[in-house]
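The values are calculated or read from the model by the stated rules, or taken from the named source; none is laboratory data. Model, not experiment: these values are computed from the prediction. Cβ coordinates were reconstructed from backbone atoms using ideal geometry, including for glycine residues, and neighbour counts include every protein chain displayed.
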Amino acid sequence: MMRCFHVIDLANARAAATTLLAAVWLLLSGQAYGHAFAPSLLEIRETGPGEAVVRWKQPAIRVSGSGLSPILPPGCHELGKHSARTEDTGIVETWKIACSGGLVGQTVRVDGIAESRADVLLRLVLGDERSVRHVLTADTPSFIVPEREGKLDVLASYGRIGIEHILTGFDHLLFVLGLVLLVGGGRRLVWTVTAFTLGHSVTLALAVLGLVHVPQQPIEAGIALSIYVLAVQLGPYRPRGASLMTRLPWLMAGAFGLLHGLGFAGALAEVGLPNGEIPLALFSFNVGIELGQLAFVGVVLLASWSLRALPLRWPAPVGYVPAYAMGSLAVFWFLQRVTASLAGIVL
């Protein structure tokens, strides 16, 4: 009788286990939408003496039972009704407020951050066009508006925003996971991840500085397509012989990094950059992305090394779980984003 179980290549076993766990985690946590549970954005823009406009954006997909609630300063009251609309993957509410004495020195707070499992990005634009940004967390849900934002505040805020974006950008993480599975560890992985980093750093800077303008929805669809291309290289129907991606993974990672960098730029454009501190904010955001990316790669490698000590016996087809898991999510994201883009054109 033919044996249906045998020991497959250990690299495939580790890849299968790691990717299967990652895919299950994505699906069970409800984050298969690529950027679900992303931070909410609270923007307050002074429009005149004692008057301001509030813009409150929350992701359309949130943790069940959670409810974020902006709490404005005691000296502020609402003027008129709220207006709401759908914008990309979020829901935006806008309303006017009157604040005696202006925003400087006032306290802004958001309740419900701990239950939402995501931080809130706070953006304040004062009457003289000075801007202040801060990240509200479960530990520090309130913020006293200063007269001027310091350099250390910019470093801390944008570094945290970068870390949170990469760790909640599951499409980016899945691509990085695919790179790890494709090249393994060692020097090839270092060169490949470095090339990906350089690629997305270049386009991130170009887009933020206004030198490149690309609509965000096609970029997001392209990112999903890049994951599918990588999944093909890991699957049973990969091209025969050594493909360009397996021979020169660093080159392809750098090329796809250019695409992912435009996606990062879209997130940074949503938050905005402080006047006079654009280079510092861009640097801090990029460092935050790299720290989050390195932490993720470290976790994946640690999981792989831990599995080496286990006497694993797998059915041979399990070796292709990474390809099918990644490919399925990539196709889902691609169709979702293309549909959203076409719907926007029709509307």
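Structure notes:
- Pair list, Cβ < 6 Å and 6+ apart or interchain, from segment 250-273 residues that are at positive phi to residues that are among the basic types (Lys, Arg) and surrounded by fewer than 20 Cβ atoms within 10 Å (Cβ to Cβ): Gly272/Arg123
- Test for Val190: is it under 19 Å from Arg133 (Cβ atoms), β-branched (Val, Ile, Thr) and assigned to a helix (DSSP H, G or I): no
- Any hit, segment 160-174, residues being part of a loop (DSSP other than H, G, I, E, B) and out of contact with any helix residue (DSSP H, G or I) (no Cβ under 7 Å at 6 or more places or on another chain): yes
- For segment 199-213, filtering for residues that are surrounded by 15 or more Cβ atoms within 10 Å (Cβ to Cβ) and farther than 20 Å from Met326 by Cβ leaves 9.
- Of the residues making up segment 44-69, those that are modelled with pLDDT under 90, within 22 Å of Ala114 (Cα to Cα) and in a strand (DSSP E or B) are Lys57, Gln58, Pro59, Ser69.
- Hey, Leu280 of a type in the set (A, V, I, L, M, F, W, C) and more than 22 Å from the chain's Cα centre (by Cα) or not: no
- Boolean, Leu262 is out of contact with any Phe, Trp or Tyr (no Cβ under 6 Å at 6 or more places or on another chain), closer than 21 Å to Leu342 by Cβ and in a helix (DSSP H, G or I): yes
- Qualifying residue in segment 214-231 (condition: at pLDDT below 90 and out of contact with any helix residue (DSSP H, G or I) (no Cβ under 6 Å at 6 or more places or on another chain)): yes
- Scanning segment 141-172 for residues that are surrounded by fewer than 16 Cβ atoms within 10 Å (Cβ to Cβ) and within 25 Å of Val53 (Cβ to Cβ) yields Ser142, Ile144, Pro146, Glu147, Arg148.
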